[in-house]
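Report on one structure; see the data block that follows.
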Amino acid sequence: MTSGPAQSSWRNLPNALTALRILGSPVLIALALGGHGSWLGFATCLLVLTEWLDGFLARRLHVTSALGARLDTVADGIFYGSLLAALVVLRPTLVRHEWVWVACAVVSYGLSWIASWFKFRCLPSYHTWAAKGAWVVVGAGMVSLVTGWSAWPFRIAMTCVVLTNLEAIAITRQLRACQVDIPSWWHLRKREPDSRVGL
């Protein structure tokens, strides 16, 4: 974690991008209600880009912070919830057909939040490599499903989400205290081989 004067402030460009994702995510639902599938796909790609860009800029500008990481977690939850709601509105039949895949992703996501809140009273803000990769795959999967191209990219995306959330639960189980920005469970094991604590 980089320290510096800007670290304790929420007023910086990366956090502004995160706020943009929070405010922009409900727009996905509005686009779905209007039947604008193409614009929904475009907006999804744009919001996925902000997820990558805010982390990149935070590191380059040396303004990473626990506040920014936790704000990013809230933005992720709002984005995923809005995207799922938009999908239900725009493609209800497809969602019913793919409900098992959706349910597995949603349940695993909820369990990862519950595990961290139960143990630390804070949301998991690990931003693992798997989570960053899953963002790209989810964006591609949603666009594929919305445009009617194929359901398989969406199914692969939901599988990636489940695996990412299982890793987050494993990280929560091993941590002694709430932390942010952990690259992977393997990195945590290597750094703290004796830190396993049961829930």
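Each value in this text was obtained by applying a stated rule to the coordinates, not by laboratory testing. As the structure is a prediction and not an experimental result, all values here were calculated from the model. A quick note on method: Cβ atoms are made from the backbone with ideal geometry, for glycine too, and the neighbour counts reach across all protein chains shown.
Counting alpha carbon pairs within less than 8 Å and at least 6 residues apart, what relative contact order, in whole percent, applies to the chain? Each step should come with its number before you reach the end.
Values: 256 pairs, mean separation 45.1, N = 199.
23 percent.
Using the alpha-carbon centroid of each, what span in Å lies between region 126-182 and region 37-64? Centre-to-centre (Cα) distance: 16 Å.
Compared with the dominant Cα axis of the chain, that is its longest principal axis, helix 13-33 is turned about 30°.
Of the residues SER116, CYS45, PRO14, the one whose Cα sits farthest toward the positive end of the charge dipole of region 5-191, with +1 on the Cβ of Lys and Arg and -1 on the Cβ of Asp and Glu, is SER116. Gyration tensor analysis over the Cα atoms of region 92-199 returns equivalent ellipsoid semi-axes of 30, 14, 9 Å (largest first, whole Å).
Rounding to the nearest 20 debye, state how big the charge dipole of region 10-79 is about its Cα centre with +1 on each Lys and Arg Cβ and -1 on each Asp and Glu Cβ.
Values: 5 positive and 4 negative charges, 40 e Å.
That gives a dipole near 200 debye.
Can you pull the percent of Cα pairs in region 5-191 with separation above 31 Å? It would help to have the intermediate numbers written out before the result.
On the way: 2709 of 17391 pairs.
Pairs farther apart than 31 Å: 16 percent.
Using a Förster distance of 41 angstrom, determine the FRET efficiency expected from the C-beta separation of TRP117 and THR147, and round it to 0.05. Walk me through the intermediate numbers first.
Details: r = 36 Å, r/R0 = 0.88.
Calculated value: 0.70.
Computed from Cα atoms, the angle from the helix 99-120 axis to the main principal axis of the chain rounds to 20 degrees.
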